[in-house]
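Notes to accompany the following structure.
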Amino acid sequence: MKQAVKKGIVVGLGVILQFALTLLLYLFLIEKIWIVDVIYALLSVIIVVGLIRNSKNYSYTLPWIIIVLLFPLVGTLLFIAIGQNRQSSKILKSIVESEKSSKKYLKQDENLRKEISANSRLRYISNFAGYPITKNNEVKYYPLGEKMFKDILRDLKKAEKFIFLEFFIISHGTMWDSILEILKKKVREGVDVRVIYDDAGCIATLENKYYKKLESMGIKCIAFNKLNPISGVIMNNRDHRKILIIDGCIAFSGGVNISDEYININSPYGHWKDTGTRIVGDAIWNYTVMFLTMWNSFKKNDSSFLKFKYDFKDAIKENGFVAPYGETPLDNEEIGKDIYLNIINQANKYLYLTTPYLIIDSDVINALILASKRGVDVKVIIPGIPDKKITYSLTESYIEILHNGGVEIYKYTPGFVHAKVFVSDDHIATVGTLNLDYRSLYLHFECGLYLEDVKCIKDIKKDLDDTISKSHRVTKKEATPSLIKAIWQTILRLFAPLF
């Protein structure tokens, strides 16, 4: 923890120093060269015009427009450093190239293409999101992280060829220590073990350069987008995915990170409600390509991905549609958000969803309210105990408008909800890593599992019914903030894209 604090301080000081030096240079030059002021003014105008012209979502870009116009110097610097960091980051450029190269591995089965042609939701995922729809799968749903963890340990022990782990957070404790012991054993057996963890996600949980320690054990490892004082301000895109692949024939994903609170050991926020999935079947290939795409952005180890593809033939018989999908901030598709919107807009009877953070734009707000007005039973479950108070204040700022629009809001009384789950009409669901907030929908690398007419959907519905039964429904009085709180929440919303 001390090392994490030290690293955070160093990175923070580096960021502050960069801004301070830029500001001092600006103030010095403005007295000498008046044109510098003109240049910054022009830059701010160009940025605003570009945002207005190219924006697909003004709820996200409007705060940037306001900040840049009110504070031309600071706003311009922030936007260049954070809002458009893909232009200056070699890491992100490398990921873009890797994503382009890997598209050839994601091919839709032609027989299924004909079958899904009349289904707009599936057609979007296959044609525009670029992730094949599959049928040959068995999917198990976990209502709690500790239940998934037991199966993870069992399946890891059976690995013979490779193990791929990609997680936002890895933390020392019972969960990681148990997994690590198996990984070390598998390395000795000749299994190819690869780990990706997010450097920012693990800043408080792993020592600095932990990847070197893993590599000394024979475990190949990447710390994603490493933080440092020089480039700290352009580190806004994080790897928020949670993927575990074993021999290409078993895959786990969901909201669960590798940290003890996710399996309700030493949870600091009451009962930790999280969910996950286990897949056996053709859909695993989507996750495998996602992982290898990210891996080969940093270490170009694989001339072909096909050696990691498992041939299930016709061993799995479930006929529902399954599609793991990825979200990247580096393309022009808002895949995660669009999949959520498609589910909301096409719901007929009910739509239940859980999210730890409810920081939503006008598209999602209007879609949820319109669904309610159509007669859809819309229920949104958020934490009863927050993990971040400022972020929770932002979440609460959206409750009033949703409540007044007929959407029912529930707070999970026993503790914190980290699950990201949608279920609708007993035949559509998605489980993944995407929160309903700006960071997940626009800035992070994420993943989800789309399910349609799959057996486990009934288990998802049952779990959300059970979660609602343990939750408190927010009343109109509770949804209406005081004047001071409303002003505070309005100010927070201005900076919502930064949360």
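The values are calculated or read from the model by the stated rules, or taken from the named source; none is laboratory data. Since the structure is predicted, the reported quantities are computational estimates derived from the model, not experimental observations. Note: ideal-geometry Cβ built from the backbone for every residue, glycine included; neighbour counts use all protein chains shown. The area values use the complete protein model at the heavy-atom level, side chains included, leaving out ligands, DNA and RNA. Shrake-Rupley method; radii C 1.70, N 1.55, O 1.52, S 1.80 Å.
Based on this model, can you work out whether P143 counts as within 20 Å of M294 (Cα to Cα), in contact (Cβ under 8 Å) with a residue 12 or more places away in the chain and not hydrophobic (A, V, I, L, M, F, W, C)? No.
Taking the criterion of being of a type outside the set (A, V, I, L, M) and either in contact with a helix residue (DSSP H, G or I) (Cβ under 9 Å, 6 or more places away or on another chain) or touching a residue at least 40 places away in the same chain (Cβ under 8 Å) (or both), the residues of the range 92-102 that qualify are K93, S94, E97, S98, E99, S101, S102. Every condition in (1) part of a strand (DSSP E or B); (2) under 30 Å from M294 (Cβ atoms) holds for V380 except the one numbered (2). Search the range 351-371 for residues being touching a strand residue (DSSP E or B) at 6+ places or on another chain (Cβ under 6 Å) and among the β-branched types (V, I, T), and hand back the single one that is modelled with the lowest pLDDT. The extreme case among them is I360. Listed here are the strands (runs of 3 or more DSSP E) enclosed by the range 387-458 that have at least 1 residues being in contact (Cβ under 8 Å) with a residue 60 or more places away in the chain and hydroxyl-bearing (S, T, Y): 408-412, 421-424, 428-432, 446-452. When I163 is tested against (1) open to solvent by less than 30 Å² (accessible area, probe 1.4 Å); (2) part of a strand (DSSP E or B); (3) farther than 16 Å from F291 by Cβ, only condition (3) is not met.
With respect to the stated conditions, S267 is farther than 25 Å from S89 by Cα, touching a helix residue (DSSP H, G or I) at 6+ places or on another chain (Cβ under 7 Å) and open to solvent by 10 Å² or more (accessible area, probe 1.4 Å). Of all residue pairs spaced 6 or more apart or on separate chains, those with beta-carbon atoms under 9 Å, a first member in the range 466-495 that is in contact (Cβ under 8 Å) with a residue 12 or more places away in the chain and on the phi < 0 side of the Ramachandran plot and a second member that is open to solvent by 70 Å² or more (accessible area, probe 1.4 Å) and acidic (D, E) are H472/E478. Among the residues of this structure, T277 counts as one that is open to solvent by less than 10 Å² (accessible area, probe 1.4 Å), polar (S, T, N, Q) and in contact with a Leu (Cβ under 7 Å, 6 or more places away or on another chain). Taking the range 305-360 as the range and being of a type in the set (K, R), within 30 Å of F416 (Cβ to Cβ) and over 15 Å from the mean Cα position of the chain (by Cα) as the test, only K349 passes.
A quick yes/no check of all residues on (1) surrounded by 16 or more Cβ atoms within 10 Å (Cβ to Cβ); (2) over 24 Å from Y450 (Cα atoms); (3) out of contact with any Gly (no Cβ under 7 Å at 6 or more places or on another chain); (4) at pLDDT 90 or above:
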residue	(1), (2), (3), (4)
W34	no, yes, yes, no
G50	no, yes, yes, no
P63	yes, yes, yes, no
T76	yes, yes, yes, no
I80	yes, yes, yes, no
K103	no, no, no, yes
K107	no, no, yes, yes
I125	yes, no, yes, yes
G130	yes, no, yes, yes
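Just to be sure, is E97 acidic (D, E) and either crowded, with 20+ Cβ neighbours inside 10 Å or at pLDDT 95 or above (or both)? So E97 fails the test. Looking only at residues of the range 436-470 that are of a type in the set (S, T, N, Q) and open to solvent by less than 10 Å² (accessible area, probe 1.4 Å), we find that the one that is nearest to A496 (Cα to Cα) is S440. Just so you know, in the range 415-435 the residues that are more than 22 Å from I116 (Cα to Cα) and small (G, A, S) include one that is surrounded by the most Cβ atoms within 10 Å (Cβ to Cβ), and it is G432. Scanning the range 301-359 for residues that are part of a helix (DSSP H, G or I), of a type outside the set (A, V, I, L, M) and free of Cβ contacts under 8 Å to residues at least 40 places away in the same chain yields K307, N345.
Taking the criterion of being part of a helix (DSSP H, G or I) and either under 16 Å from E396 (Cα atoms) or free of Cβ contacts under 8 Å to residues at least 40 places away in the same chain (or both), the residues of the range 362-377 that qualify are S362, V364, I365, N366, A367, L368, I369, L370, A371, S372, K373.
Of all positions in the range 303-316, none carries a residue that is under 18 Å from G432 (Cα atoms) and open to solvent by 10 Å² or more (accessible area, probe 1.4 Å). Do you know which residues across the range 203-222 are outside any helix (DSSP H, G or I) and either modelled with pLDDT of 95 or more or more than 24 Å from the chain's Cα centre (by Cα) (or both)? Result: M217, G218, I219, K220, C221, I222. Scanning the range 240-296 for residues that are part of a strand (DSSP E or B), more than 16 Å from the chain's Cα centre (by Cα) and hydrophobic (A, V, I, L, M, F, W, C) turns up I245, I246, I250, A251, W272, I279, V280.
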